[in-house]
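Report on the structure given below.
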Amino acid sequence: KGGNGGAIQFQLSNGALLIQTRGQGLSLDSHGGNAGNNSNKEHPATAGVGGAVAVQAQGQEVQIATTGVGKHAIGVNSSGGNGARGLFDNGNAFWTTMSPSTDGANAGEVVVNLNGHTELNTSADGSNALNLQSRAGNGGEVGNGVNVGYGGKGGKGGNGGQQTVLIGSNKAATSLIKTSGNEATAIVMQSVGGNGGSVNSGSSISNTKEPG
């Protein structure tokens, strides 16, 4: 069983945040654990969900500048774990049943609220100013490797998480977002659902019903 990613909250309530770096400016990541490959019918292995992640600067000044390649000013990620791979149970040489693959887990909610004076500046290639990702886990695959297998089907992919960005909601505040590198985007928001589990083919045959 994969563990859940914890909730992460970065809150700036007093003073100002000033960051200049060749690395990531501000990076928050909550990732649910993968289910693993030991799923069985009685105790199917489940994947962990991504936790909620929030960046809150309530009216405070935020200035972040990065100069490294692929280094975002603010990177926020919540990801669900992948489902368990279905495995064949012990059986005779020809007919065998299959333990279930399990579903991918959901990604968590991502919130960025910068309602004070905000400056985000990146100068290198592939460095986004604000990079948000909510990526769900993939469903577990079905493997084979025996002559005929029954009872297997791929797991369902998880759901991408909700994303919210609020910048400059305070009318008295000013905001500047600047990128100078190639393939460097000011704001990237991605909420991606997981892929369904595939049924791997080979010399075997898989079906969803047992014989008889």
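Taken together, the values in this text are just the output of simple stated rules run on the coordinates, not laboratory data. Note that the coordinates shown come from a computational prediction; the quantities given were computed from them, not determined experimentally. Methodologically, a virtual Cβ is constructed for each residue, glycine included, from the backbone with ideal geometry; neighbour enumeration extends over all protein chains shown.
Here are the numbers:
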{"read-out": "Residues with amide H under 5 Å from that of LEU26, placed H, sequence gap 5 or more", "value": "ILE74, GLY75"}
{"read-out": "All aspartates and glutamates inside 20 Å of LYS71 as judged from Cα atoms, apart from same-chain residues fewer than 8 positions distant", "value": "ASP29, GLU119, ASP125, GLU183"}
{"read-out": "Gain on full stretching of the segment that runs from ARG22 to MET189 - 0.36 nm per residue minus C-alpha separation", "value": "57.9 nm"}
{"read-out": "Qualifying aspartates and glutamates (Cα of each under 17 Å from Cα of LYS1; at least 8 residues distant if same chain)", "value": "GLU42, ASP103, GLU141"}
{"read-out": "Cα gyration tensor shape of the stretch 4-44, rounded if a/c is under 1.5, else prolate or oblate by comparing a/b with b/c", "value": "oblate"}
{"read-out": "Spacing of the two label points (7 Å from each Cα toward its C-beta) at GLN56 and LEU176, in nm", "value": "2.9"}
